[in-house]
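Worksheet: one structure, shown below.
The values are calculated or read from the model by the stated rules, or taken from the named source; none is laboratory data. Everything quoted here is computed from the prediction, not taken from an experiment. So basically every Cβ, Gly included, is an ideal-geometry build from the backbone, and we count neighbours across all protein chains shown. Areas reflect the complete protein model, heavy atoms only, side chains present, ligands, DNA and RNA absent. Shrake-Rupley method; radii C 1.70, N 1.55, O 1.52, S 1.80 Å.
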Amino acid sequence: MEMETPTVLGYINDQPRALRSTLENKDEFVVPFVETFKKHNIKRVLFFGSGTSYNASVIAAHYFKQIVGIDAAAHYPTVFKNYEKADWTNMLKKDEILFVGISQSGTSRSTVDVMKHAKENGYLTLALTENVESEITKYVDTVVHLLCGKELTPPETRGYTVTVLTLYLWAISIARLLGSYSEKQYEEAMKDAEYLANNFETVIKESEDWYEKNKTTIVNSDRIYILGYGVDFGSALEGMLKVGEMLRIPTIGYEIEEFLHGPTMGLNGRQTIFLIGSDEPEFERMLLLRQTFKKYTPRVHVITCKPIEGDYRDLVFSTKVNKYIAPIMYTVPFQFVAAKGAKDIGIDTNINPFDEPLAHLPE
């Protein structure tokens with residue numbers, strides 16, 4: 001059931017229901033994806049999307065490399081179409097490369113263009129979209145339904161978390177199909193997904209409570225940095241997008257180590273730093289950097305589900321899941337920073353002040 005008066009905060013709070021519904025209906029989007037792999041000897045998966053869909057694509061590429069064990073990459077659609085090739089080695093057959101276009105609305109100009117380009121050149125094409133009759137569906141071999149429901153407000157929140165869950169379920173299902181995951185590993189991965197979905201109300205509450213404790217300094221920042229590593233580089237990009245489009249404070253996302261190579265020269269006490277991550281090799285390094293950054297600004301926040309010694313500025317989720325599905329959880333605090341932060345300083349996030357139809361085709 002959709003909300004009577006759609007709001008960004010309404011969609012944020014609807015995420016627990018949406019994630020559980022997605023899991024309950026997983027065969028609708030997992031089966032056609034697995035069938036594509038059964039029919040073809042796919043050796044490379046290229047993910048495309050813009051905005052939120054690109055950020056999810058970054059995580060998807062990580063999944064398919066680290067979980068499935070096959071070559072995968074995320075690309076900006078227009079950059080790929082104009083400057084890249086599906087296989088620079090010229091060693092792969094066209095039906096060994098799968099183009100996946102992610103577009104919640106199905107109307108993203110750049111993603112539609114790259115999928116049309118791929119299909120015209122004989123590659124396997126698949127679209128993940130909420131609107132199964134949208135423009136992108138005209139240019140793909142397989143259409144897969146994104147079960148997030150239509151979001152009637154400009155910034156996508158529920159759509160992102162459902163997209164990442166979809167990509168996670170794709171990855172573990174293909175890993176089981178190809179033997180990268182044993183049946184036990186698959187079952188454990190599924191249990192984590194179910195546990196997260198069933199405890200997502202707690203994730204929502206802990207995120208909102210944390211925001212309320214820290215909102216004064218966050219919304220009064222001169223600049224916000226969001227740092228991630230491993231699978232959570234995509235989380236940093238999504239946090240940057242959400243805060244930038246709703247709270248509208250200059251916000252920059254970095255891979256955690258890259259932040260040390262220049263941006264630190266401009267650090268001061270009115271800037272806020274978020275560090276996101278858990279079980280990847282950089283975790284201890286992140287905690288060390290937190291202590292160093294605090295010498296220059298007190299506004300340093302860690303977002304994780306691993307136990308750490310911290311204070312009210314840190315958000316340590318009580319819901320404990322594996323590092324691959326944790327990004328679904330880690331995006332929620334940024335949704336509150338963006339949506340509630342905007343509301344607290346008088347910005348109506350239901351209105352897009354930039355009304356030029358440059359990014360999307362008419363629905």
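Key figures for this structure:
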item	result
Meets criteria (over 14 Å from residue 234 (Cβ atoms), of a type in the set (Val, Ile, Thr) and either modelled with pLDDT of 95 or more or open to solvent by 80 Å² or more (accessible area, probe 1.4 Å) (or both)) for residue 8	no
Filter pass, residue 337 being hydrophobic (A, V, I, L, M, F, W, C), within 20 Å of the chain's Cα centre (by Cα) and assigned to a loop (DSSP other than H, G, I, E, B)	no
Only listed residue being among the aromatic types (Phe, Trp, Tyr), open to solvent by less than 10 Å² (accessible area, probe 1.4 Å) and under 28 Å from residue 191 (Cα atoms), chosen from 64, 37	64
Yes/no for residue 194 being open to solvent by 60 Å² or more (accessible area, probe 1.4 Å), under 17 Å from residue 278 (Cβ atoms), in a helix (DSSP H, G or I) and not small (Gly, Ala, Ser)	no
Cβ-Cβ under 9 Å pairs, at least 6 apart or on other chains, the stretch 197-222 side under 14 Å from residue 339 (Cα atoms) and of a type in the set (A, V, I, L, M, F, W, C), far side modelled with pLDDT under 95 and assigned to a helix (DSSP H, G or I)	219/342; 219/344
Residue check, residue 41 modelled with pLDDT of 95 or more, in a loop (DSSP other than H, G, I, E, B) and not hydrophobic (A, V, I, L, M, F, W, C)	yes
Some residue of the stretch 322-339 being open to solvent by 60 Å² or more (accessible area, probe 1.4 Å) and either among the polar types (S, T, N, Q) or without any contact (Cβ under 8 Å) to a residue 40 or more places away in the chain (or both)	no
Among (1) farther than 23 Å from residue 346 by Cα; (2) in a helix (DSSP H, G or I), the one test that residue 227 misses	(2)
Tally of residues being open to solvent by 10 Å² or more (accessible area, probe 1.4 Å), outside any strand (DSSP E or B) and either in contact (Cβ under 8 Å) with a residue 60 or more places away in the chain or not polar (S, T, N, Q) (or both) across the stretch 113-133	11
Residue in the stretch 47-91 that is modelled with the highest pLDDT, counting only those that are closer than 17 Å to residue 146 by Cβ and in a loop (DSSP other than H, G, I, E, B)	49
Subset of the stretch 92-102 [part of a loop (DSSP other than H, G, I, E, B) and either in contact with a strand residue (DSSP E or B) (Cβ under 7 Å, 6 or more places away or on another chain) or modelled with pLDDT under 95 (or both)]	92
